[in-house]
1. Can you compute the helix-only [θ] at 222 nm over the chain? Use -39500 (n - 2.57) per DSSP H run of at least 4 residues, normalise by all residues, nearest 500 deg cm²/dmol.
2. Only Cα pairs under 8 Å and at least 6 apart count here; give the relative contact order of region 3-139 as a rounded whole percent.
3. Quick check on the exposure proxy: order 125, 5 from fewest to most C-beta atoms within 10 angstrom.
4. Taking the number of other C-beta atoms within 10 Å as the exposure measure, put 51, 6 in order starting with the fewest.
5. Give me the number: length gained by fully extending residue 125 to residue 41, i.e. 0.36 nm times residue separation minus the C-alpha to C-alpha distance, one decimal in nm.
6. Which whole-percent values make up P(r) of region 1-58 when all C-alpha to C-alpha distances are grouped in 10 Å steps starting at zero?
7. Report, to two decimal places, the Cα Rg of region 3-139 normalised by 2.2 N^0.38 Å (N = number of residues).
8. Based on the Cβ-Cβ distance from residue 27 to residue 5, what FRET efficiency comes out when R0 is 41 Å, to the nearest 0.05?
């Protein structure tokens with residue numbers, strides 16, 4: 001395999017993981033907001049205290065904020081790494097390393113992609129691919 005092919009595989013892999021993670025985070029946000037609101041309303045109906053419904057909604061909003069932060073921590077570096085690697089940007093190696101470390105926590109496929117990414121990005125070919133003198137970056141589409 002050539003260096004350009006390794007770079008393309010990693011870019012696509014990080015893009016797929018960021019898309020899947022985005023969908024999962026959005027689904028968790030909707031479900032947790034609905035569950036917390038439903039529990040708060042149900043508890044308010046059971047006890048007759050109308051203020052309890054607000055606590056459920058506040059809990060749902062807190063869950064949405066939590067999942068939003070979690071999503072931003074995981075999705076943004078992976079999406080940036082994917083885009084920068086596919087475009088051949090010079091700082092894509094740094095974003096790729098960050099994304100590889102983050103995706104390695106998702107067992108088992110993410111772990112394999114993370115190890116593969118770290119192997120490529122720390123290899124001599126990977127470092128050379130993103131060096132200032134690299135002609136391989138010029139071979140990527142968009143250059």
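1. Working: 5 runs with 113 residues, N = 143.
So the calculated ellipticity at 222 nm is -27500 deg cm²/dmol.
2. On the way: 165 pairs, mean separation 36.6, N = 137.
About 27 percent, as a whole number.
3. Details: 125 14, 5 9.
Lowest count first: 5, 125.
4. Numbers: 51 9, 6 20.
Placing the least packed residue first, the sequence is 51, 6.
5. Details: separation 84, 0.36 × 84 = 30.24 nm, distance 5.87 nm.
Full extension of this stretch gives 24.4 nm more.
6. It works out to 22, 24, 17, 15, 12, 8, 3, in whole percents.
7. Working: Rg = 20.7 Å, N = 137, 2.2 N^0.38 = 14.3 Å.
Compared with the compact-globule rule of thumb, region 3-139 sits at 1.45.
8. Working: r = 33 Å, r/R0 = 0.81.
Rounded to the nearest 0.05, the efficiency is 0.80.
Values in this text are rule-based calculations from the coordinates and carry no lab data. Bear in mind that the values here come from a model prediction, so they are computed numbers and not experimental data. Cβ coordinates were reconstructed from backbone atoms using ideal geometry, including for glycine residues, and neighbour counts include every protein chain displayed.
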